[in-house]
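Worksheet: the structure to be examined is printed underneath.
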Amino acid sequence: MDFSDPWVVDRLRVLAVKSEPAEPSPGDTAMLEGLVVSPDDDVQMVLWFACLAESADDYGCEIDTAAMESIMGTDLEQLSNDEILALQEELEDAGLIGAEPYLDPSYSFPADLLDGMSKEERQEGVNLFIQIAAVPQGAATDSDIELAYKRIPVSRARTPNDNPEIQALAVDGFQLAPGSTLEVDPGETYQLDPVLADDAIEDYYYLDSDGEWEIRTEEPYFEFYLQEGGFDSWYSLYPESSVSWTAPVAPLLEQQTIWIVVKDRRGGMNWWTQTVTYH
Amino acid sequence: MNAFLPAAFFLTRLLLAQDPTGQVPETAAESATQPAPQEQALTPLLREPELLDFFQAPYPDEARSQGIEGTVRLLIEIDETGSVSSVEILEGAGWGFDEAASEAASHFRFSPAEDERGPVPVLIEFEYGFQLAPDEVPADTDNSTDTAALEPVNLDGRLLEMGTRRPLEHFPVLLDDLPEIQTETDSDGCFSFRGLSPGHHELRIVYPGFVALEKELEIQEGERLSLKLWMRNKSYGDDEIVGVYRRDREEVTRYTLDINQVRRVPGTFGDPIRVIQTLPGAARSPFGTGLLIIRGANPEDSAVYVDGIRIPLIYHLGGIVSVLNADLVESVDYLPGAYGVQYGRSMGGVIDVHTKTTYPEQRRLVWSTDILDSGGLVEGRAGKNDGWGFAAAGRRSYIDLFIPLFTGDSGMFIKPRWLDYQLKLDRLDMDAGKLNLFLFGFDDILQVSTPADQAQGTDQDTQGDLATRYGTHRFTLNWERPLGRDLTLRLAPSLGLDIGELGFGSDMNIDTRDWMLEIRAELPWKPSPAFSLTPGIDLIASYYFFDVGFPMDPAYFWEEDPLAEREEWNLEDHGLGLGPDLYLVSELRPLADPERLLITPGLRLNYTALQNGYSALSLDPRISTRWSLLDDAVVKASLGLYHQPPQPFEMYRPDGNVDLGYEVARSATVGWEYESEPALSLQMEIFYKHLEHLLIPNWEITSWDDPFFKDNGVGRVYGMEFLLKREQVDDLYGWLSYTLSRSMRNDDPQGDGYWYPFELDQTHILVLVAGYSLPRDFEVSTKVQYVTGNPTTPYAGGVYDVDQGFYWPYQTAQYDSERLPPYWSVDLRLEKLFTFRRWQMRAYIDALNLLHGENPEYVTYNYDYTESAYVHGLPLIINPGLDFEIRF
């Protein structure tokens, strides 16, 4: 088998999606952000839709394709503000909650979303499905569009979740600050070890199946993506956090990016973007 | 005084068994008063006829007066009662010996020969010897004269069979081609000559079935020459194993193959049970699975028995070889469908393996080694008067070390490891009935890993390799005792343990232990050749224990919320399961010639219960018929109802609330058989099977209160089977098997279900097997196989589930709407038999997938389902092997 490696970003991909707050309460507004990457930086538009779990299936929200087509076929630059507002209203009716770069995605949860539920059910909450359609420049067919979805838990939890934060990346033990560039030797192998912020691993309450409260601790793990080179494993298994990365022997790119996504298995996630150059 | 050699060459072997070609000699066929029975003769005998009353023939006067001795070779037909029904002279001796021997033999009385159905008519060869008392031998006979007798022995020797070291008794030893200088070997194979003149002599020993022995000798004056001579049997093994693939006589379909041939079919690793996959109705099992796919049935719908006791698997994990040592297999009943009520709890096919019941007088060690495994068998007789036969066998594989070399970069690896053992004791000195004890089992491990570049998620709880361990152990007793002239009791209790362990990653496990008690008892009553009635009980009782552990509550799977908190989930339970099925089967032979028409009606009462409250009851009426329209053609047909209880995991719920009955198959077949003496036979059968109440997972489950399975699936299987077979009457043997079939399923015929092909549906299955015996004990054989590719479901792309790190694939067409490319394979085997004085060795080379190389077995996808590739089966493999056999 000679399949493309899942950690190699050789086409438009949605690697992660986060909500802020990570676990909103009814009445909150969640600001959404996606890690949408493309080797050619050719993302034309990222459309965001939302639906509650009860109307989602294995593929996420059922997207109103007519809505998608109407926005993809419209030159928004040519529209007046009123026309844009009218279009936005039409799209919102179809579940659209964002259309980057024109409309940042967000979602305001109804205040009565959990009404009628028991206290325990409200603490457990429900999921909102966020559907992302990343459209590359010149997309000709539906198969050119990268689709992804993510669940946003909405609850009255005793300890609402926060997104974990990667505060640094340690390379062979040396920590890199955010925004710094990593210089490496082609063909060399490096140990990549993301460093989480002190409060990234949270303790939280969980009402177990016996009706007893437990205090649990998160078990985050990391996914690693790049443009060139190879990993010994492209994701870590808790409590491990590091992987080995071997830089390409003959890099095709003068500069490449390594993306590291952290997920806390409760819906919270975040990422680190590392620029790499070669000696 | 007359002397005689009453047991000289009492060749108590069936002619057909003795004849490697399987032919009935023409003279014998003509003389048989019963249509004797070619079919019967092909059935292994459980008991050979024994001479009870010998009748002494009068010595012909003229021969006595001339001092002439002689031996008459007779063909005697013995009927079901042990009486002699006909005598034919195969080789006369003249001088009135022929008439005297023939008349005397007609008064013999034997114990009847028996196979599984009871007494059967047989043909035997018998040599009736006439020998004068010493005082009657004329004084002028050359080497026997009183003068010669006074001479010292100056040539003696011992004659042994090559490879087996068995003393060869009653072999004529001839010197210088002069009949007057002739003697024969005694029971130790010894012979001697007295008073031979010094000088050059030529010794010659010729005996049917053996390579003639000729030797030049120099006798020195005053010296005694002692020889140790070896003769080579032309047909080794024929006296050891008379196994066939066959079906019980009352069954509609009977596929018969010589087990000595099937062990030489390339690509089967010498495993006679694997050869089933070359027969009609049996679909090809994908590499590494060992699935039994018979007439379009799910693998779990077919049942496997060893000596009538059901076991869970017939192939070791990995599916390469069966769980029994090949040298222990005497015969295999392969019943693809339309079988009788003796078999139940299954809707698919049945395989009933029968282990050997005959044991060599001289102990034998067989050891087989190839790239898969190595194992051996030792067998013989022991106890007072050699009253017990024993066989002990064991085997262990090492293919797990080699498989990575073959699979190379195919990504996925499957590593099986198996071992098995068998110990059997048979009481041989019972006057009537039979008794044997059999302990056997196997213990297998199979590991499967998935490479990182194939579709899988990053969820920590779903990481890891799949590891399976499966073991079965059984101790069985087979006891049979006549209760009178027409009534027999057969009792076969068995105790056993089935062990299953399935692990995925580090946190998932399913462990099961099932203590099994199985009892099969029958009381066949046959008051006349035209009628028999057999009531029976087929009881299975189990004490089950299981332990299932998951890192999350199974509710996780139907809630499909990866963000939900997970609790380790464990379920342990134990209890009793019971299936005391009863059956009643009759054989009706209403025509004057009972062999012409056989009608076999039967009724089976099925009952299944678990301690947790599950129970189900059903009734299976079945009827089949075989009608010999002509001497060489048979028309056959069957109708039957088959109920199958749910699998254990399907009928279990913690709350016991399972509202599922039996799965049901309604089967009908019609076909015909034609035999062209002596070599060719042709069989064809058309079948249709309607399936109802098939269990399917309930995908709409939302809580523990919902049923796990629904029983509204239906199916239909129909097709045609064809077998053209050539027996090995000369150097060529082989068969051509073709199956045309379609097996369809519909999970929800009342709702929005649609018909789709069964996952292992194979439209065309064509297998050609041929072998050719070459000079100097070489043999070449080949197997050519063409099979339609299995159905597959196409995917193209998917939606990324960010929380779980994997893509949900898009199904681009209906389930199972596409097929893999056809499977083509050509296997070749070359073997040579080396026969040494004390042992034999069979060396062979199996070349598998000779022409086509790797065949697509599965479709696999990359992480986002945008790329696909075939997972191929084995490439060209050269499998050298050695079989050793030594007598001691």
Chain A: antiparallel bridges as % of DSSP beta bridges, rounded to 5, reads 95
Go through A:251, B:643, B:423 and say which Cα lies farthest out towards the positive end of the charge dipole of the protein assembly as shown; charges sit on Cβ, +1 for Lys and Arg, -1 for Asp and Glu.
B:423
Take peptide A:5-16, look around each residue's Cβ out to 10 angstrom, count Cβ atoms belonging to other protein chains, and average those counts.
3
So, by mean Cβ neighbours within 10 angstrom, what's the order for B:105-114, B:81-90 with the highest one leading?
B:105-114, B:81-90
Quick check on packing: order A:3-15, A:78-90 by the mean number of other C-beta atoms within 10 Å, highest mean leading.
A:3-15, A:78-90
Using a 4.7 Å Cβ cut-off, which Cys residues in the protein assembly as shown lack a partner cysteine?
B:190
To check you understand DSSP bridge types, tell me what percent of the beta bridges within the protein assembly as shown (both residues inside) are antiparallel, rounded to 5.
95
Taking chain B and counting helices only, DSSP H stretches of n ≥ 4 at -39,500 (n - 2.57) each over all residues, the nearest-500 ellipticity at 222 nm comes to -1500 deg cm²/dmol
Note, the range B:423-435: 3J(HN,Hα) by Karplus (6.51, -1.76, 1.60, θ = phi - 60°), whole Hz, Gly/Pro = x, goes 9, 10, 10, 10, 7, 9, 9, 7, 5, 8, x, 8, 8
Looking at B:187, B:374, B:281, which one has the Cα that reaches farthest to the positive end of the dipole of chain B (charges on Cβ: Lys, Arg +1; Asp, Glu -1)?
B:187
List the residues whose amide H sits under 5 Å from the amide H of residue A:152, counting only those 5 or more places along or on another chain, with H placed 1.01 Å from N in the peptide plane.
A:128, A:129, A:130
In order through the range B:60-69: 3J(HN,Hα) via Karplus (6.51 cos²θ - 1.76 cosθ + 1.60), integer Hz, x for Gly, Pro
x, 4, 5, 5, 5, 5, 8, x, 9, 10
Mind listing the long-range amide H neighbours of residue A:176? Cut-off is under 5 Å, sequence gap 5 or more, other chains count too, H placed in the peptide plane at 1.01 Å from N.
A:169, A:170, A:171
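Shielding by partners for B:472-479, please: the mean number of other protein chain Cβ atoms within 10 Å of each residue's Cβ. Walk me through the numbers on the way to the answer.
Values: counts 0, 0, 0, 0, 0, 0, 0, 0.
For peptide B:472-479, the averaged partner shielding equals 0.
Among the DSSP beta bridges whose two residues both lie in chain B, what percent are antiparallel, rounded to the nearest 5? Could you put the intermediate results ahead of the total?
Details: 333 of 346 bridges.
Bridges in chain B are about 95 percent antiparallel.
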Round to a whole angstrom and tell me the spacing of the C-alpha centers of the range B:497-575 and the range B:779-853.
30
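Going through the cross-link list B:215/B:356; B:215/B:424; B:415/B:725; B:636/B:832; B:710/B:783; A:18/A:119, which pairs have a Cα-Cα distance over 32 Å in this structure? Can you show the working numbers first?
On the way: B:215/B:356 39 Å; B:215/B:424 43 Å; B:415/B:725 36 Å; B:636/B:832 41 Å; B:710/B:783 42 Å; A:18/A:119 26 Å.
Where the Cα-Cα span goes over 32 Å, the pairs concerned are B:215/B:356; B:215/B:424; B:415/B:725; B:636/B:832; B:710/B:783.
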How many square angstrom of accessible surface are buried between A and B, both sides summed, with a 1.4 Å probe and rounding to 100?
3600
From the backbone phi of the range B:363-368, what are the Karplus-calculated ³J(HN,Hα) couplings (6.51 cos²θ - 1.76 cosθ + 1.60, θ = phi - 60°) in whole Hz, Gly and Pro given as x?
4, 9, 10, 10, 10, 10
Other protein chain Cβ atoms within 10 Å, averaged over every residue that makes up B:302-313
0
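The values are calculated or read from the model by the stated rules, or taken from the named source; none is laboratory data. Everything numeric here is computed off the predicted structure, so don't read it as measured data. All Cβ positions, glycine included, derive from the backbone under ideal geometry; neighbour counts span all protein chains shown. These area figures cover heavy atoms from the full protein model, side chains too; ligands, DNA and RNA do not enter into them. Shrake-Rupley method; radii C 1.70, N 1.55, O 1.52, S 1.80 Å.
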